Amino acid sequence: MSAATRLGLVAGFSLLALTPLSGQYPGVYPGGYPYPYPPTYPGFGPGGYLQGQASVINATGDLFVKQEQARIEREKANQAKLDTQKKSFDQRLYEKMLTPAYGEVAAHDQALLLKRIMTNPMQAEITSGKAHNIMLPFLTNVALQGIQGPPIILDQQQMRYINVTTTGEGGHNLGILRDGGKVKWPMALRGSPTQKKLDKLLPEAVTAVASESLDLKTYKELTKEVAKLTDELRTKFHKEEIDGGLYLDGKRFMDSLDSAVRGLAEPAAAKTLQGTFAATGRTMPELVMNMAQKGLKFAPANPGNDTPYFALYNAMIAYSNGAADSNAFKTQFAPVNLYENYYDKTTKSNIK
Amino acid sequence: MKLQTAWLAALTAVLAPAALCAGETAKVDSVSGGLFAKSAGQSWRALKAGDAVKTGVHLVAMPHSEIASANDAVQIVLFADIGQRGPLAVLESGLSLNEAKDADIDFTLERGLVVVASKKKAGAAKVRVRVASESWLFTLHDPGTKVGIEVFGRVPAGIPADLATIGPPLVEVVGIVIAREAFLDQGTMGVGLKAPPGQAFFHWDSAEKKLAVRRMDKLPGSLIKPFDDRQSKLFKEVCAACSHVLHEKGVAAWLRELTEGDNKAQRLTGVTLAGALDELPVVHDVLESSKHADARAHAILVMRHWLGREPGQVQKFYDTLTKKKGLSDVQARSAVQLLIGFDEEEKGRPETYDLLIHYLRHSKQAVRELAHWHLVRLVAKGKDIPYDAAAPEAERQKSYERWRAHIPEGKLPPESTLKKKAP
């Protein structure tokens, strides 16, 4: 075997790794792999050293072309069959098939979204509470119908770190102020006069909100100081007094604080800070029913408090998977196949 | 008769071309390019065909070398890539030899790709391969059995506020039985492997720590496809670049000459070699001062590859930047963070994009290059905004303004999937 031949082997070998392990392993690069970028980028590489790659790509391309041609041929045949059948259909019904009713589409989209959130959520969707909020109505339905899921006990220590809001996604999140307005400042924000001033102002404001006596002057001063501290953080970063990691930590914290301070002006702020509005419940049905009764949604995690969100997410998944054994839950969860439903109802046959 | 036997034995011992001394567990069969060896506390030296290799020596091959076990039962072929990336961004290959107690050869595969082959004329050959936390014993059942193994490591993505909290790299291993049959003994379980058609392909990673096996009906034709003329020419260029006498001017001077050259293949080979031979200041200098965008982009890959080699690399890299390159603590941390990259949550936060766009105007070319490297990968439209980290400031400012216009401060990219309705 010549050197060139042997090296050709390398490239092909590398590419082989892309092939999924059917039935045993989802692929060499499971989701969340630390090298998520596209494998090739213009201008990258010396122009072809491990050359089997090019030929593999070409070969794969040829295969795709052939497969595509075969698919087109098959489609043509199907189309002919479809055309014959269409003539016997009522045109109105045919049009309806192409434009399903809004409710059907919404149900279909929601089912797909739920499925993705339950199987492959992004980290940000968990730490923002979005994933929990998407699952919430389905779990509430399960609880309302009395369907028993597995007996999962929620960790009360962790539940204390779950934030809620009355305004839904995008609303203000008071979670960061729930400890009487005492906050744990990240490294990048500590020590400045503005931070020290806020350290004093925040507990006063929280106390005032709890007794429904927060005045406009205090509120305006708070928002001004928060904006000032955010500017100070940015200046520190631009002057290279802090690195990118500390900046991102600080910025995330300031975004949470800004949201919380703005939330102090909302009517529900007092109840949230008093603990009336909180994610409470020893079991999953208790939690989702409490949330539903008070009209609460999950709010984003406070900086550094991501773990309880992942734990709760996992508990929700485990509960819904257990509950999914029930036929009642399955009916709601299974994605709707609009075309199948249509043909089942109208022609009692399925052209697929 | 006894005398005759003793005489023959003595003659054989004198004439044997690669007779090995104690502690020498392998010998070099052939070298295309460079095969570099390093013992603890010593500097790199180049090996040539016929040289013996001792236990504990680290070997790095660029781009292709062959070594054989002391008893000549097993051959290890080391392959490399110089940046024309496959899915497992293999660059140089590196391994160290261990004392072989229960096998014909025992080695730790540190990075890259090797093919182990039985050279025995009859019977089974045994190869112990250590990779990450694993120790696998391969039995190559028949003469001519060949198994390819490729290992790849990366530090998990996510900007760390504290470098000390960074965990070990995630390591991924893939392999394939190329010819005949082998048995892989993992210690707690074993699996029979067979070249296609058969259970030929295996995979392991340090996250799951599970071995998965897959059947293949045939080897892809590309596996044995020979180089065309252009590729052969390039291979020769790479070999020529790597076969330089190592200590004529010193390793760093030689590598700088390669990385600053006008020949692209040599430039990228130089960058790969600089990472392979732990000459981090050279890699950093390419990123910081090279006028060639291809060399800078490749330097990023080489640095990420270097960081993912084994636990502790991040701290070593930070120390190099602060102690040898004179970067401040903040600058070194920022560089490390940018090399590691962003996790899924960070990609969904507007401040990540603010940070990266801000870095496009950074005083250090290395930081600008890294920021742009991420931006064009995170923002699809970014590829339409020309940017050269080495361009004059006025030119960079124009690109910066286009980026800022595309992603206003406090906003996510317009095309961000987080904003779209999920499918």
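The values are calculated or read from the model by the stated rules, or taken from the named source; none is laboratory data. From a predicted model like this one, the values you see are computed outputs, not experimental measurements. Cβ sites come from the backbone with ideal geometry, for glycine too, and all protein chains shown count toward neighbours. We work out accessible area using only protein heavy atoms, side chains counted, and drop any ligands, DNA or RNA first. Shrake-Rupley method; radii C 1.70, N 1.55, O 1.52, S 1.80 Å.
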Provide the per-residue ³J(HN,Hα) series for region A:248-265, in order, calculated from phi with Karplus coefficients 6.51, -1.76, 1.60 and θ = phi - 60°, each as a whole number of Hz, with x at glycine and proline positions. 5, 4, x, 5, 5, 5, 5, 4, 5, 5, 4, 4, 5, 5, 5, x, 4, 7
Counting only other residues whose beta carbon sits under 13 Å from that of B:P196, what net charge do I get with K and R as +1, D and E as -1? +4
Hey, with R₀ at 60 Å, roughly what FRET efficiency would A:I152 and B:S363 work out to, going by the Cβ-Cβ distance, to 0.05? 0.65
For every other residue with a beta carbon closer than 12 angstrom to the beta carbon of B:D162, add +1 if it is Lys or Arg and -1 if Asp or Glu, then tell me the sum. -1
Report the per residue volume, in Å³, of the convex hull enclosing the C-alpha atoms of region A:210-310. 105
Per residue of B:339-345, how many C-beta atoms from partner chains lie within 10 Å of its own C-beta, taken as a mean? 5
Neighbourhood net charge (11 Å Cβ-Cβ; Lys/Arg +1, Asp/Glu -1) for B:K120: 0
Computed over the Cα atoms, what is the radius of gyration of region B:100-214 divided by 2.2 N^0.38 Å, N being its residue count? 1.17
Using R₀ = 60 Å, calculate the FRET efficiency as 1/(1 + (r/R₀)^6) where r is the Cβ-Cβ separation of A:H238 and B:N71; round to 0.05. 0.40
Shielding score for B:157-166, defined as the mean number of other chain Cβ atoms within 10 Å: 4
Skip the ligands, DNA and RNA, and give the accessible area per residue of region B:369-408 with a 1.4 Å probe, whole Å². 46
Interface size A-B, as summed buried accessible area [1.4 Å probe, Å², nearest 100]: 7300
So what is the relative contact order for region B:103-191, in percent, with contacts set as C-alpha pairs under 8 Å and at least six apart? 29
Assuming R0 = 56 Å, what is the FRET efficiency of A:S192 and B:K218, from their Cβ-Cβ distance, to the nearest 0.05? 0.25
Largest-first principal axis extents of the Cα set of region B:281-336 (Å): 29, 24, 17
Subtracting the Cα-Cα distance from 0.36 nm times the residue separation, let me have the gained length for B:R130 to B:K291 in nm, one decimal. 53.9 nm
The set of residues whose placed amide H lies less than 5 Å from the amide H of B:D51, leaving out same-chain residues fewer than 5 positions away, is B:V28
Extended-chain gain in nm, criterion 0.36 nm per residue less alpha-carbon gap, B:E99 and B:A240: 47.5 nm
Expressed as a whole-number percentage, the relative contact order of chain B with C-alpha contacts under 8 angstrom and at least six residues apart is 10
Distance cut-off 29 Å, Cα to Cα: go down the list A:K130/B:K381; A:K184/B:K383; B:K119/B:K249; B:K121/B:K218; A:K220/A:K297 and report the pairs above it. A:K184/B:K383; B:K119/B:K249
Bin width 10 Å, alpha-carbon pairs only: give the P(r) of region B:287-370 as whole percents, running from 0 to the bin holding the largest distance. 16, 48, 33, 2
